[in-house]
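K.L.:
Take a look at the following structure, please.
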Amino acid sequence: MMLNWNEYMQELATRIGEVGRTSPEIIRGYRTLSEAGQKTNTLDGKIRELIALAVAVTLRCDGCITTHTSAALKNGANEAEIVEALGVAISVNAGAALVYSARVLDAFHAKTQPAPTV
């Protein structure tokens, strides 16, 4: 195992608790954002958590991974569904790398070609 995810989640909860005690408004604001999508109930909890896992991978957020893996399991997600969601994250990240590679070339050309004359 790369990380003791259950222990990490407990440690994370402790540190986030410290943030909440110091500035409860930050936690209140975060919860408002987190709960906003649930109120429409357009997507069920499992789908929201699968999306959250794909985003967590894209953002490289270990805290998000442990939290949303637990929530996905509680909402009935299985390993195959999680892997499929991760496949989407992998394909989007590869696509994003390709798009941003084009931006690097654009920046290169902008910096190496003479400025257009007006």
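The values are calculated or read from the model by the stated rules, or taken from the named source; none is laboratory data. Because the structure is a prediction, the values reported are computed rather than measured. Glycine also receives a Cβ, built like all others from the backbone with ideal geometry; neighbour counts cover every protein chain displayed.
K.L.:
Would you please list the contacts, defined by Cβ atoms under 7 Å and residues six or more apart or on different chains, that run from a residue in the range 35-49 that is under 14 Å from residue 74 (Cβ atoms) to a residue that is at pLDDT 95 or above and not in a helix (DSSP H, G or I)?
P.N.:
45/75; 46/75; 46/76; 46/77; 49/75; 49/77
K.L.:
Out of everything in the range 1-55 that is of a type in the set (Ser, Thr, Tyr) and under 27 Å from residue 80 (Cα atoms), what residue ends up being nearest to the chain's Cα centre (by Cα)? Quick ask: steps written out before the conclusion?
P.N.:
To start, the set of residues in the range 1-55 that are of a type in the set (Ser, Thr, Tyr) comprises 8, 14, 22-23, 30, 32, 34, 40, 42.
Checking the rest, the ones that are also under 27 Å from residue 80 (Cα atoms) come to 8, 34, 40, 42.
Numbers: 8: 17, 34: 12, 40: 21, 42: 20 Å.
The qualifying residue nearest to the chain's Cα centre (by Cα) is 34.
K.L.:
Are there any pairs, at least 6 apart or on different chains, whose C-beta atoms fall under 8 Å, with the first in the range 1-22 and over 10 Å from residue 66 (Cα atoms) and at pLDDT 95 or above and the second aromatic (Phe, Trp, Tyr) and part of a loop (DSSP other than H, G, I, E, B), and if so, which?
P.N.:
As it stands, the answer is none, since no pair meets every condition given.
K.L.:
Output the residues belonging to the range 40-57 that are surrounded by fewer than 17 Cβ atoms within 10 Å (Cβ to Cβ) and closer than 23 Å to residue 15 by Cβ.
P.N.:
55
K.L.:
Do we find a residue being surrounded by 11 or more Cβ atoms within 10 Å (Cβ to Cβ), among the basic types (Lys, Arg) and in a helix (DSSP H, G or I) anywhere in the range 18-27? Spell out how you get there, then give the answer.
P.N.:
Taking the range 18-27 as the starting set, the residues that turn out to be surrounded by 11 or more Cβ atoms within 10 Å (Cβ to Cβ) are 19-20, 23, 26-27.
Restricting the remaining residues to those that are among the basic types (Lys, Arg) gives none.
Among the residues of the range 18-27, not one is surrounded by 11 or more Cβ atoms within 10 Å (Cβ to Cβ), among the basic types (Lys, Arg) and in a helix (DSSP H, G or I), which makes the answer no.
K.L.:
Additional query: Which condition number in (1) part of a helix (DSSP H, G or I); (2) more than 16 Å from the chain's Cα centre (by Cα); (3) more than 18 Å from residue 9 (Cα to Cα) is the one that residue 73 fails?
P.N.:
(3) is the only condition that residue 73 fails.
K.L.:
Now, a different point. Please go through the range 58-77 and give me each residue that is surrounded by fewer than 12 Cβ atoms within 10 Å (Cβ to Cβ) and touching a helix residue (DSSP H, G or I) at 6+ places or on another chain (Cβ under 6 Å), ordered by number.
P.N.:
76
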